[in-house]
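Colleague: The following block contains the structure, expressed as structure tokens.
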Amino acid sequence: MNKKSLMQKAAAAPHMVWSVLFIIAPLIFVVYYAFTDKEGNPTLGNITELAQASYLEVFIRSVCFAFLATVICLIIAYPIAYFMSKAKPRTQKILIMLVMLPQWLNFLIRTYSWMALLEDTGIINTILGYMNIGPLHMINTSGAVILGMVYNYLPYMIIPLHSVISKIDPRVLEAASDLGCSPLRVLVRVVIPLSVSGIVSGVTMVFVPSISTFYISQKLGGGNFDLIGDTIERQFQTAYNYNLGAAMSFVLMLIIVISMAVMNRYSGEDDGGVIV
Amino acid sequence: MNEKKIIELKNVAKSYDGEMILDHISLDVHEKEFVTFLGPSGCGKTTTLRIIAGFVTPDTGDVVFDGTRINDIPAYKRHVNTVFQKYALFPHLNVYENIAFALRLNKVSEEEIFERVEEMLAMVNLRGFEKRDVNLLSGGQQQRVAIARALINKPKVLLLDEPLGALDLKLRKDMQNELKNIQRKTGITFIYVTHDQEEALSMSDTVVVMADGKIQQIGTPTDIYNEPQNAFVADFIGESNIIDGIMLDDYKVRFSGHEFECLDKGFDKNERVDVVVRPEDVDVTKPGQGMLDGVVTSVTFKGVHYEIIVNINNFKWMIQSTDYVEPNQNIGIYIEPDAIHIMKRSEYSGKFGDYSSFSDELEKLSDASEEEE
Ligand SMILES: Nc1ncnc2c1ncn2[C@@H]1O[C@H](COP(=O)(O)OP(=O)(O)OP(=O)(O)O)[C@@H](O)[C@H]1O
Ligand SMILES: [Mg+2]
């Protein structure tokens with residue numbers, strides 16, 4: 001028994017080393033920088049500096065944009081995932097590939113492509129021009145920023161939803177219609193409750209990168225919509241204020257942890273303990 | 001049957017990928033009847049049930065419910081409920097909510113839901129299980145929840161697809177009794193699928209024997225056992241010796257080189273027929289004192305009786321007797337006229353009812369399983 005548990009510990013060692021190196025160590029650095037000044041003396045000054053109106057605005061905007069992007073992703077992704085799971089197994093594999101396909105392109109190139117599409121003299125407005133519509137002002141709006149987030153992170157909503165929905169036993173769905181559920185009611189009463197775990201992981205996988213994203217807002221928002229990610233990047237890249245940047249990262253982490261806790265709590269109450 | 005017809009299948013056919021799964025079957029089910037589909041794996045029992053439930057649309061033929069053609073009515077609008085083979089309970093709902101599911105769709109008041117769920121729980125002996133997680137119930141308990149869930153809306157017809165298939169023998173027997181009681185109490189028509197012939201015979205009013213997508217015989221359990229229509233039915237229901245015979249005249253048949261008196265008539269003179277003799281209807285005598293003589297090739301103790309294989313004119317008979325005989329012993333056999341049942345020849349003639357391959361069959365089975373590995 002002892003021997004075995006020792007073996008198990010040994011087997012887990014690489015994972016431990018990995019965690020310490022790449023998760024724990026950066027965290028310690030973030031916390032260290034966040035609570036020290038330039039000379040390395042302990043201080044709360046970095047955190048209190050963030051209470052300024054201009055920073056608060058950035059935080060609130062980031063949370064709102066990420067929230068909106070997540071909700072839109074969920075609304076778009078759910079029907080896609082649902083109908084994907086109805087397809088034949090081979091078709092499903094191809095569809096998953098197609099969903100992931102844009103991710104093979106570099107993130108920067110994807111975002112630049114959207115710039116080309118959305119610009120006032122861009123591709124969309126040119127086409128609309130032929131139909132005597134527009135030009136519509138799309139680039140450098142908050143909508144364009146959120147669109148950029150939705151486009152980039154949508155696959156991370158579709159994939160977990162699809163994987164949960166496709167695992168629902170079709171006989172359970174038949175049982176529901178056998179007992180009198182119209183197709184819509186089957187969806188509301190059985191499919192959605194049984195896919196809560198997929199919704200939770202999809203929301204997490206979209207919300208977290210959305211709230212910490214940078215670059216999207218710079219390119220599609222024209223610098224009008226500073227987000228936390230951009231502000232942090234600036235502290236490290238141009239202002240060289242590591243301490244303030246770390247403090248922002250620290251607060252961002254807190255926001256994420258709190259959001260996730262709230263959501264898990266809420267969904268946990270809702271479904272009475274589905275653990276898939 | 002004086003009750004009125006509740007379900008009629010008229011010339012229903014279904015193919016999958018060009019293969020005929022149901023070959024134009026017709027069947028009437030009456031109110032309050034307990035009907036069982038019995039047949040080997042893959043013969044189309046589940047498909048037939050799913051056609052009645054509305055999950056499968058037949059290629060041709062009509063499905064009639066209470067006098068109305070329902071081919072185009074979706075499953076959720078049919079007054080038929082199903083107990084699924086693997087129960088298919090809602091994993092996100094507890095026992096109470098699983099059973100209440102159908103009522104919640106119809107805006108039934110909370111008090112009435114409570115009353116009716118409690119009534120159902122009492123019927124299936126699950127009082128006190130309301131709050132339990134269905135995923136943690138035993139097979140027998142899940143089974144009961146599935147039955148209660150399907151019965152709460154008082155359907156006219158309950159479809160049960162091998163509902164006891166996953167249970168152990170003891171529990172099976174108990175549940176058989178319980179199901180039969182529930183059916184009597186509620187007066188609901190049960191259409192039951194099984195490939196266990198004993199279960200079919202002991203529970204049903206009517207047994208529908210199926211094979212190869214066709215109905216082989218419809219009848220009461222005693223009819224099916226005593227008057228099988230062809231070699232398939234005779235072999236599938238219980239043990240049978242099925243011998244080639246010639247009908248010499250009414251009440252007179254010749255097989256194994258001997259002329260027998262029997263109770264069947266109405267065949268052509270010298271018509272070739274299949275003769276069925278059940279193993280328990282054969283009496284063992286001293287050699288020369290019976291109608292046929294043979295050599296015992298094997299004897300197996302089965303508890304109530306011995307199962308004796310006897311070689312008579314190179315045809316191996318199975319005989320069940322409470323008296324022990326020695327292997328290689330010469331014995332005679334005696335058959336009463338009412339133990340002989342004559343059947344018309346069919347596509348199944350000569351395929352069943354000879355026990356010479358009895359032990360080979362087992363060897364073949366074990367060969368097959370080795371190949372799979
Ligand atoms: N959706 C389907 N697509 C293709 N073939 C099918 C489909 N459903 C059933 N079949 C085929 O139809 C035949 C009959 O199936 P069915 O499930 O009705 O058999 P069964 O009598 O219920 O057998 P079992 O006792 O094993 O449950 C089988 O050969 C099966 O492979
Ligand atoms: Mg079946």
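Colleague: If I filter the range B:62-79 for residues that are within 16 Å of ligand 1 (Cβ to nearest atom) and out of contact with any Gly (no Cβ under 7 Å at 6 or more places or on another chain), do I get at least one hit?
Modeller: yes
Colleague: Hey, can you tell me all the residues within the range B:141-182 that are farther than 19 Å from B:Phe37 by Cα and among the basic types (Lys, Arg)?
Modeller: B:Arg144, B:Arg149, B:Lys154, B:Lys170
Colleague: How many residues are away from ligand 2 (no atom under 13 Å from the Cβ) and in a loop (DSSP other than H, G, I, E, B) if we restrict to the range B:41-63?
Modeller: 4
The rows are residues; the columns are (1) surrounded by fewer than 18 Cβ atoms within 10 Å (Cβ to Cβ); (2) within 14 Å of chain B (Cβ to nearest Cβ); (3) under 30 Å from B:Pro91 (Cα atoms).
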{"residue": "A:Ser217", "(1), (2), (3)": "no, no, no"}
{"residue": "A:Gly223", "(1), (2), (3)": "yes, no, no"}
{"residue": "A:Thr231", "(1), (2), (3)": "no, no, no"}
{"residue": "A:Gly245", "(1), (2), (3)": "no, no, no"}
{"residue": "A:Met248", "(1), (2), (3)": "no, no, no"}
{"residue": "A:Ile256", "(1), (2), (3)": "yes, no, no"}
{"residue": "A:Met260", "(1), (2), (3)": "yes, no, yes"}
{"residue": "A:Ser267", "(1), (2), (3)": "yes, yes, yes"}
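Colleague: So, one more: Could you go through the range B:116-128 and let me know if any residue there is assigned to a loop (DSSP other than H, G, I, E, B) and in contact with a strand residue (DSSP E or B) (Cβ under 7 Å, 6 or more places away or on another chain).
Modeller: No, the range B:116-128 contains no residue that is assigned to a loop (DSSP other than H, G, I, E, B) and in contact with a strand residue (DSSP E or B) (Cβ under 7 Å, 6 or more places away or on another chain).
Colleague: Identify the single condition in (1) away from chain B (no Cβ under 14 Å); (2) surrounded by fewer than 20 Cβ atoms within 10 Å (Cβ to Cβ); (3) of a type in the set (S, T, N, Q) that A:Ser85 does not satisfy, given that it satisfies every other one.
Modeller: Failed condition: (2).
Colleague: Kindly establish whether B:Asn125 is more than 16 Å from ligand 2 (Cβ to nearest atom), within 14 Å of chain A (Cβ to nearest Cβ) and over 23 Å from B:Lys45 (Cα atoms).
Modeller: no
Colleague: State all residues of the range B:1-54 that are out of contact with any strand residue (DSSP E or B) (no Cβ under 7 Å at 6 or more places or on another chain) and near ligand 1 (Cβ under 8 Å from one of its atoms); if no residue qualifies, say none.
Modeller: Answer for the range B:1-54, where residues must be out of contact with any strand residue (DSSP E or B) (no Cβ under 7 Å at 6 or more places or on another chain) and near ligand 1 (Cβ under 8 Å from one of its atoms): B:Tyr16, B:Asp17, B:Glu19, B:Ser41, B:Gly42, B:Arg50.
Colleague: Within 16 Å of ligand 1 (Cβ to nearest atom), at pLDDT below 95, closer than 28 Å to A:Leu184 by Cα and open to solvent by 40 Å² or more (accessible area, probe 1.4 Å): which single residue out of B:Lys86, B:Lys107 fits that description?
Modeller: Numbers: B:Lys107 fails: within 16 Å of ligand 1 (Cβ to nearest atom).
Sole residue among the options that is within 16 Å of ligand 1 (Cβ to nearest atom), at pLDDT below 95, closer than 28 Å to A:Leu184 by Cα and open to solvent by 40 Å² or more (accessible area, probe 1.4 Å): B:Lys86.
Colleague: Taking the residues in the range B:34-57 that are surrounded by fewer than 22 Cβ atoms within 10 Å (Cβ to Cβ) and of a type outside the set (A, V, I, L, M, F, W, C) as candidates, determine which candidate is farthest from the other protein chains (Cβ to nearest Cβ).
Modeller: Going through the qualifying residues, I end up with B:Pro40.
Colleague: Any residue at all in the range A:104-118 that is farther than 30 Å from A:Ile159 by Cα, open to solvent by 50 Å² or more (accessible area, probe 1.4 Å) and not polar (S, T, N, Q)?
Modeller: No.
The values are calculated or read from the model by the stated rules, or taken from the named source; none is laboratory data. Here the structure is a predicted model, which means the values were calculated and not measured. No Cβ is skipped: glycine too gets one built from the backbone with ideal geometry, and neighbour counts run over all protein chains shown. The protein model used for the area step is the full one, side chains on, heavy atoms only, and it has no ligands, DNA or RNA in it. Shrake-Rupley method; radii C 1.70, N 1.55, O 1.52, S 1.80 Å.
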